[in-house]
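First up is the structure itself, then whatever we jot down about it.
The values are calculated or read from the model by the stated rules, or taken from the named source; none is laboratory data. Quantities reported herein were computed from a predicted structural model and do not represent experimental measurements. Cβ placement follows ideal geometry from the backbone for every residue including glycine, while neighbour counts extend to all protein chains displayed.
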Ligand SMILES: [Zn+2]
């Protein structure tokens, strides 16, 4: 997975494959989030937890959600969600890592992958 680091001033976030708006900027509210019609988004997470993820992502990460309580538990095997999500192996996948707050103390992560079509 290609990792692209961004700054919090880089909002809004658009899908790199279809240009769908994924997360708006401050004017839309601090937590404005739009999963919309984008079929490339495979996960949205912060350092605290996953906000959204697809079956495709779980399959690629070898996470069986019937065996682990949550994806957050699976990520606990790694030092953090940032490191965990670096391990996606879907060809062409892209991760935006946005470090927010003082000294970039809080991360937000958006994973995208091309569709098979
Ligand atoms: Zn898309």
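Test residue 31 against the stated conditions and say whether it is at pLDDT below 95 and assigned to a loop (DSSP other than H, G, I, E, B). Step through it out loud before you land on a result.
On the way: at pLDDT below 95: yes; assigned to a loop (DSSP other than H, G, I, E, B): yes.
Criteria met by residue 31.
Within the stretch 39-71, take every residue that is exposed (fewer than 15 other Cβ atoms within 10 Å of the Cβ) and modelled with pLDDT under 80 and give me the one that is nearest to residue 116 (Cα to Cα). The extreme case among them is 65.
Taken as a whole, the condition of being crowded, with 16+ Cβ neighbours inside 10 Å, within 16 Å of the ligand (Cβ to nearest atom) and modelled with pLDDT under 80 does not apply to residue 36. The conditions are (1) away from the ligand (no atom under 16 Å from the Cβ); (2) modelled with pLDDT of 80 or more, and residue 2 fails exactly one of them. Which is it? Going through the list (1) away from the ligand (no atom under 16 Å from the Cβ); (2) modelled with pLDDT of 80 or more, residue 2 breaks only (1).
Okay, residues lined up against (1) more than 23 Å from residue 20 (Cα to Cα); (2) touching a residue at least 40 places away in the same chain (Cβ under 8 Å):
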residue	(1), (2)
47	yes, yes
63	yes, no
80	yes, no
86	no, yes
98	no, yes
106	yes, yes
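Considering each residue of the stretch 15-28, count those that are near the ligand (Cβ under 10 Å from one of its atoms) and either in a loop (DSSP other than H, G, I, E, B) or modelled with pLDDT of 90 or more (or both), and give that number. Counting residues in the stretch 15-28 that are near the ligand (Cβ under 10 Å from one of its atoms) and either in a loop (DSSP other than H, G, I, E, B) or modelled with pLDDT of 90 or more (or both) gives 6.
The single residue among 74, 97, 113 that is modelled with pLDDT of 90 or more and away from the ligand (no atom under 16 Å from the Cβ) turns out to be 97.
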